[in-house]
Amino acid sequence: MSAAVEEPQFQNGVASTDEPKPEPAADPKVEETKETLIQPPPSTEQTEKQHPSTEQTEKQPPSTEQTLNPALRKDEGNRTFTMRELLTELKSEGEDSVTDASFSQGNTPHQLAEQNNAAMELINSVTGVDEEGRSRQRILTFAAKRYANAIERNPEDYDALYNWALVLQESADNVGSDSTSPSKDALLEEACKKYDEATRLCPTLHDAFYNWAIAISDRAKMRGRTKEAEELWKQATKNYEKAVQLNWNSPQALNNWGLALQELSAIVPAREKQTIVRTAISKFRAAIQLQFDFHRAIYNLGTVLYGLAEDTLRTGGTVNPREVSPNELYSQSAIYIAAAHALKPSYSVYSSALRLVRSMLPLPYLKAGYLTAPPAGIPVAPHSDWKRSQFVLNHEGLQQASKNEQKQVTRSLSGRIGDFSPDRRAIRIEVPDIVSVSACADLTLPPGAGLCIETIHGPVFLVADSWEALDGWLDAIRLVYTIYARGKADVLAGIITG
């Protein structure tokens, strides 16, 4: 099963409705998510364009200074708008408030005028596919004139260039699927030129790098799996990287970066694929670490792990015993897809994917695996007293299995944490008691990948088998807690208990 989730979304602004059509939706650039279901594996192409949209995909202001310090803004009429602000303000102004910049047109260099005319011709050719689209396009056309005039007054007005690029990108979404004039690609190409110029004038304009990457990604999608598409995806990943360097606290940019890498991995030669896929995994994971309930990134991480499991199985499994086996990859994939569904049970694409992967979970648990632990109740103990044992995680908590229970879990995974007989010698952590979960390195712990779970009763220290295994435990425990905190524990319980 494969789900393609495209999230057009411009960077700048406030989130709007989070209900999709049919999945990770956003309203068109104002944000819309297109999604298609294909049979295996579940891979998403969810490109979140940053502009007013769903909860997870919000536009962000071009800069803190411009937002908080009006004195640092350029001419108020040329400040960077969110697309929603732009449409609302321009609609209220009406046609009688046409900008007064026409007086300066005679001072514009001939070459600049030609460029402006070419861009305006593209925008003027867009009519919209329905009445709402036509009304919206009229507003966008008015906005384009406004920014063209601003650039004629001041060719180095990077805010106007950035906003004009947004208008071009928005207009591209207004082109009907059967329309040939103007070409959607031509609008996106012109938007890319504006973003290029804006970032040349202001190299720290991270919003422009983000939306420029989305425009390039949209152009790449039109070209299938061709060499030209490969080059465009590479350009997109570089722009997402630049956006993240300038604004590291953007889960949307990290998620889209992962998606661009995922698309690129499907085109490059096989010898390059696994490295790119693993880089994509790191971007999705980084996005989740910034926003634990970012269900789109959670789902995308599940799909890329599923694809990696398929590829590993197809090539004959792992050769290096340190590498994760296909079965473990499938199980990890199922954890993230189950978590995404628990957070957004109304999303049909998550439900469809869950039906495919649910049997890959260690039911009736969400996760089962090994951790090295000290004796129960003694968080700091001699290294010789620490023992490697099996732990299971479900919607209620993390539980250390007794020796007999470990055999049962290993054989059939047929028990439930709630059915375990009380054992004061076993470590048990209830989800509501968790305060934080983090990796740790401490000389009091045995060598390895340390895990610290802070609870209301004090810290619990454990050691994972590897750093990669630690990432899986950290994510799983955080997701279970996030699902509990969002009041969705019953949904997760239904998934793992049937």
Subject >> Net +/- balance of residues flanking GLN332 in space, Cβ distance below 9 Å, scoring K and R +1, D and E -1 >> reply: -1
Subject >> Footprinting exposure proxy for ASP385, ASP196, ASP159 (fewest neighbouring C-beta atoms within 10 Å first) >> reply: ASP385, ASP196, ASP159
Original post:
Which entries in the list LYS238/LYS273; LYS227/LYS283; LYS184/LYS238; LYS145/LYS194; LYS194/LYS238; LYS145/LYS221 go over 20 Å, if you measure between the two C-alpha atoms of each?
Top reply: LYS227/LYS283; LYS184/LYS238; LYS145/LYS221
Subject >> Exposure proxy order (Cβ contacts within 10 Å, fewest to most) of PHE294, PHE461, PHE284 >> reply: PHE461, PHE294, PHE284
Original post:
Of the trypsin sites (Lys or Arg not before Pro) in region 313-375, which ones lie in a loop per DSSP and count no more than 13 other C-beta atoms within 10 Å?
Top reply: ARG322
Subject >> Overall form of region 145-230 per C-alpha gyration tensor (a/c, 1.5; a/b vs b/c) >> reply: oblate
Original post:
So which chymotrypsin sites (Phe, Trp or Tyr not before Pro) in region 192-257 pass both tests, a DSSP loop state and at most 15 other Cβ atoms within 10 Å of the Cβ?
Top reply: TRP248
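Bear in mind that the values in this text are calculations on the coordinates, not laboratory data. Everything numeric here is computed off the predicted structure, so don't read it as measured data. Heads up, the Cβs are rebuilt from the backbone with ideal geometry, glycines too, and the neighbour counts pull from every protein chain shown.
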